[in-house]
Structure formats: structure tokens, C-alpha cells
1. Which residues, taken from segment 34-80, are polar (S, T, N, Q), over 16 Å from residue 106 (Cβ atoms) and assigned to a helix (DSSP H, G or I)?
2. Any residue that is modelled with pLDDT under 95, closer than 29 Å to residue 5 by Cβ and assigned to a helix (DSSP H, G or I) - is there at least one of those in segment 81-99?
3. What about residue 109, is it modelled with pLDDT under 95 and either part of a helix (DSSP H, G or I) or surrounded by 16 or more Cβ atoms within 10 Å (Cβ to Cβ) (or both)?
4. Using beta carbons and a limit of 7 Å, which pairs, at least six apart or on different chains, have the first residue in segment 64-75 and over 16 Å from residue 43 (Cα atoms) and the second one of a type in the set (D, E, K, R) and in a helix (DSSP H, G or I)?
5. For segment 66-87, state whether one or more residues are within 20 Å of residue 20 (Cβ to Cβ) and among the acidic types (Asp, Glu).
6. Quick check: anything in segment 10-33 within 12 Å of residue 151 (Cα to Cα), modelled with pLDDT of 95 or more, β-branched (Val, Ile, Thr) and surrounded by 13 or more Cβ atoms within 10 Å (Cβ to Cβ)?
7. With respect to the numbered conditions (1) in a helix (DSSP H, G or I); (2) among the charged types (D, E, K, R); (3) within 21 Å of residue 31 (Cβ to Cβ), which one is the sole condition not fulfilled by residue 148?
8. Which residue pairs have Cβ atoms closer than 9 Å, lie 6 or more positions apart in sequence or on different chains, and pair a first residue in segment 132-152 that is closer than 21 Å to residue 79 by Cβ and touching a residue at least 60 places away in the same chain (Cβ under 8 Å) with a second residue that is among the basic types (Lys, Arg) and in a helix (DSSP H, G or I)?
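The values are calculated or read from the model by the stated rules, or taken from the named source; none is laboratory data. Bear in mind that the values here come from a model prediction, so they are computed numbers and not experimental data. As a convention, Cβ positions derive from the backbone with ideal geometry for all residues, glycine included, and neighbour counts pool all protein chains shown.
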Amino acid sequence: MNLPPEIAAACAPLFSQLPLDQAMPHLVGSHPTQTDLIETIVSNPVIAAKPALASALWLYGSDLDRSHTISQGIEDSTGSFWHGIMHRREGDFSNSHYWMRRAARHPLMAAPTDLDPDGFIDEVAAANGTDKPELVAKQRAEWLVLFEYCANSGD
């Protein structure tokens, strides 16, 4: 991961316990894991200063409720992006599309990435509850791109 050293250090225990290739194994549903560890990490001042990172870390640990509580209070396109991902993961696809429309002006949408949030929502919906490996990999890649953006931006 391309993270500033202080954020990498704060998150290292989680990424060691739950590597990215094992995190977020389900496309839909809240399956919280590593909650005590995440609680400790999000209380670290370097993470607490960036609510988008806290929202992301709760998604990483598949605690949709805690992620939602934070993302709905972030009133910019980054907050909308995390909010949309959270609603997709809870299976509320129409609400996810709504939040992704609000995130449409996010800098990552104009960047040369493979992000297609609306298309991805439709792919997950079409999977009908099946955790297809290629979609889980896409979910992890999407999370990583947005997490790195948040860690490296002034937001």
C-alpha cells in the first residue's frame, strides 16, 4: 500500500492480522471482524483526524453500521463514495447508486483508474448474493484505491 508512514504504522496491526487478500470476503452483508483492533486504530489521532479513513477501516472489517455512522457525516464526495460502497455492501443497491451519483465529481472518477462504481453496483446485484471471486477482488481493489487516496490527500 502507498500510505504515509504514520498512517501505515497506525494500520499495520490490522493489515498484519487481516491482510487485504483476506479482508472483505463477502460482497453483501455485515460480518464484523477485528472490531477491538479497529476500535483501537480509529482512536489513534492520525486516523481520527481523517474520518474517511475510519469509515474505510470499518468497511475493511466488514462492520457496515459503524462505517455508515461515520460516512454519513462526511459531507463531500469522498464521504459519498464511502457511503455508496457501504450501501452496496448492505445490498441496498438503489441507495448505493444515489450516493455514487453524489460522488460523481470525486477526483478518482476523473483519474485513470478502473473505477466504475455504478457498473460495479449492478454486477454485485446481478451476482444475487454469490461472493464471486472476481467481484470480491474488485471490491478489494476499489477499497484500496479510495483508501490510498484518503490517506494521501489533505481531506
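1. If the condition is that a residue be polar (S, T, N, Q), over 16 Å from residue 106 (Cβ atoms) and assigned to a helix (DSSP H, G or I), then 35, 40, 67, 69 are the ones that fit.
2. no
3. Criteria met by residue 109.
4. What qualifies is 64/89; 64/90.
5. There is no residue in segment 66-87 that is within 20 Å of residue 20 (Cβ to Cβ) and among the acidic types (Asp, Glu).
6. No, segment 10-33 has no match at all.
7. (3)
8. Pairs found: 139/88; 139/89.
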